[in-house]
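The values are calculated or read from the model by the stated rules, or taken from the named source; none is laboratory data. The shown structure was predicted, so the numbers you read here are calculated from the model rather than taken from an experiment. Glycine gets a Cβ as well: all are built from the backbone with ideal geometry, and neighbour counts include every protein chain shown. Heavy atoms of the whole protein, side chains included, go into the accessibility calculation; ligands, DNA and RNA do not. Shrake-Rupley method; radii C 1.70, N 1.55, O 1.52, S 1.80 Å.
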Amino acid sequence: MSTKIDARGLSCPQPVLMTLDEIKAVSGGEIEVLVDTETAKENVSRAATSQGWEVADVAEEGDAVRITIRKG
Amino acid sequence: MRLKNVFASWGGIIGVGLLIGILAPLLQKWGNPGNMGICVACFERDIAGALGLHRAGVVQYIRPEIIGFVLGSLIAAYLFKEFRPRLGSAPIVRFVLGAFAMIGALVFLGCPWRAALRLAGGDGNAILGILGLIFGIWIGTLFLKNGYNLGRTQATDTAAGWMLPLMMLGLLALLIIFPQIEGQDKNGVLFYSLKGPGAMHAPLLISLVIGLTVGFLAQRSRFCTMGAIRDFLLFRQTHLLMGFVALICAAFVTNLILGQFHPGFEGQPVAHTMHVWNFAGMALAGLAFALAGGCPGRQLFLSGEGDGDAAVFVLGMIVGAAFAHNFGLASSPKGVGPYGIPAVIIGIVVCLFIGFTMRKRSTP
């Protein structure tokens, strides 16, 4: 069961803040983050990695990018 | 999948910071004012003066570096398929934040870029400015932690994303059609400075090429002086901070080599020694940049990527510069302007109002 975060249209640091909030709320599992800028993609991936999560998948979806991060 | 962006790595951001730190003192050597190889706020203020939006005779010049920043970022964004026209995230709020960011920066006499370059040139007053900047950004992070948000952007037409880049091309055309004539303070529609910082500039081509280079690399690396401090305070992330620190270190060493390092507080170029207002001016600027999501350089680079909201912030800064000089808000080497202190207080109140009222919305 993965949680989904829609950070499209939001500029940094919002996508990172939303991702970190979710990471704090769950101890592990899978989180999908939808972003629409390369900067947000890089920042979310960097933030997740720094929290010990792995970036499992990055898939383009139309104008957006779905980042799947995983732990445990 | 797209190619991995090498500039998004640690090496990338540090490399870009080092390069800017070398190029800025060189621009000073080639003609730009003291500790002002690059200053986004000062240069936008000079553009406002050249267009006659304010009539402070000593600060009037269409700075090619600013044009280069936007167009260099535009080129990078197109090359790497990152040009994405977008707008609609509270543009009027961004305009107001831009105006007050400029007013705060002109009370200190420099944006975060110049604060770093002033420090690297030995100007002790910059310490107060940088402390103020950190304080202002820290206030901004408190708002961010409590749900402050300017809302989502919408995708828009390509033409909208081109507006600021086109304005920059227009400014470049004016600069070429109406070049500076020796001893004259006006040619055609453009005003020029005969003395003061506005009269000091590197040759057009050098300024433009360096501007384009920095714009290109900063777009790739997401270089941001405000983000450097914000990300550290907010997430303890040091990625952008490494770039900012690299800039200061490289500028310090380059200044030493070029004989441009002069430590002290008194008599520094385009600077004053009113510590409280150096701190408070930059605190206002830092808060406004944090609430708008980027330092003045980053706002130019985002504009080049098609971000119409960042473009509105830039226009706010230019209008803010006009007010700053028309109303006597801007400082001079003698000290703060006659109305600089109330302007800083009003600016902080306005930013706090924005910070407390713009909240997270539940619907996307």
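Points to keep in mind about this one:
- Filtered residues of segment B:231-252 (kept if more than 14 Å from chain A (Cβ to nearest Cβ) and open to solvent by 50 Å² or more (accessible area, probe 1.4 Å)): B:Val245, B:Cys249, B:Phe252
- If only residues of segment A:22-38 that are buried (at least 20 other Cβ atoms within 10 Å of the Cβ) and of a type in the set (D, E, K, R) are counted, the one that is farthest from the other protein chains (Cβ to nearest Cβ) is A:Asp36.
- Criterion applied to B:Arg84, B:Arg45 was being more than 18 Å from B:Thr213 (Cα to Cα), within 14 Å of chain A (Cβ to nearest Cβ) and in contact (Cβ under 8 Å) with a residue 24 or more places away in the chain, and the one residue passing it is B:Arg84.
- Residue check for B:Ala77: under 20 Å from the mean Cα position of the chain (by Cα), within 14 Å of chain A (Cβ to nearest Cβ) and open to solvent by less than 10 Å² (accessible area, probe 1.4 Å): yes
- Restricting B:Leu133, B:Leu119 to residues that are buried (at least 24 other Cβ atoms within 10 Å of the Cβ), more than 14 Å from chain A (Cβ to nearest Cβ), closer than 29 Å to B:Arg236 by Cβ and touching a helix residue (DSSP H, G or I) at 6+ places or on another chain (Cβ under 7 Å) narrows the list to B:Leu133.
- Just so you know, in segment A:47-72 the residues that are touching a residue at least 24 places away in the same chain (Cβ under 8 Å) and under 18 Å from B:Asp231 (Cα atoms) include one that is most open to solvent (accessible area, probe 1.4 Å), and it is A:Gln51.
- Test: residue in segment B:27-36 that is assigned to a loop (DSSP other than H, G, I, E, B) and in contact with a strand residue (DSSP E or B) (Cβ under 8 Å, 6 or more places away or on another chain): yes
- Test: residue in segment B:186-200 that is modelled with pLDDT of 95 or more, within 14 Å of chain A (Cβ to nearest Cβ) and at negative phi: no
- Residue match in segment B:148-171 (condition: open to solvent by less than 70 Å² (accessible area, probe 1.4 Å), more than 28 Å from B:Glu305 (Cβ to Cβ) and hydrophobic (A, V, I, L, M, F, W, C)): no
- Scanning segment B:80-95 for residues that are surrounded by 21 or more Cβ atoms within 10 Å (Cβ to Cβ) and touching a Lys or Arg at 6+ places or on another chain (Cβ under 9 Å) yields one hit, B:Ser89.
- For segment B:180-190, a tally of residues being open to solvent by 30 Å² or more (accessible area, probe 1.4 Å) and in contact (Cβ under 8 Å) with a residue 12 or more places away in the chain returns 4.
- In segment A:39-72, the residues that are in contact with a helix residue (DSSP H, G or I) (Cβ under 9 Å, 6 or more places away or on another chain), aliphatic (A, V, I, L, M) and more than 8 Å from chain B (Cβ to nearest Cβ): A:Ala40, A:Val44, A:Ala48, A:Val55, A:Val65, A:Ile67, A:Ile69
- Meets criteria (modelled with pLDDT of 95 or more, farther than 21 Å from B:Ile139 by Cβ and in a loop (DSSP other than H, G, I, E, B)) for B:Val214: no
- Within segment B:1-22, the residues that satisfy the criterion of being open to solvent by less than 30 Å² (accessible area, probe 1.4 Å) and assigned to a helix (DSSP H, G or I) are B:Ala8, B:Gly12, B:Ile13, B:Val16, B:Gly17, B:Ile20, B:Gly21.
- Test: residue in segment B:345-357 that is at pLDDT 95 or above, closer than 23 Å to B:Phe244 by Cα and either open to solvent by 10 Å² or more (accessible area, probe 1.4 Å) or assigned to a helix (DSSP H, G or I) (or both): no
- Residues that are open to solvent by 20 Å² or more (accessible area, probe 1.4 Å) and within 11 Å of another protein chain (Cβ to nearest Cβ), drawn from segment A:1-13: A:Asp6, A:Arg8, A:Ser11, A:Cys12
- B:Gly267 at pLDDT 95 or above, over 30 Å from B:Ala76 (Cβ atoms), open to solvent by 20 Å² or more (accessible area, probe 1.4 Å) and not polar (S, T, N, Q): yes
- Put simply, of B:Ser331, B:Ser303 the only residue that is more than 14 Å from chain A (Cβ to nearest Cβ), open to solvent by less than 20 Å² (accessible area, probe 1.4 Å) and hydroxyl-bearing (Ser, Thr, Tyr) is B:Ser331.
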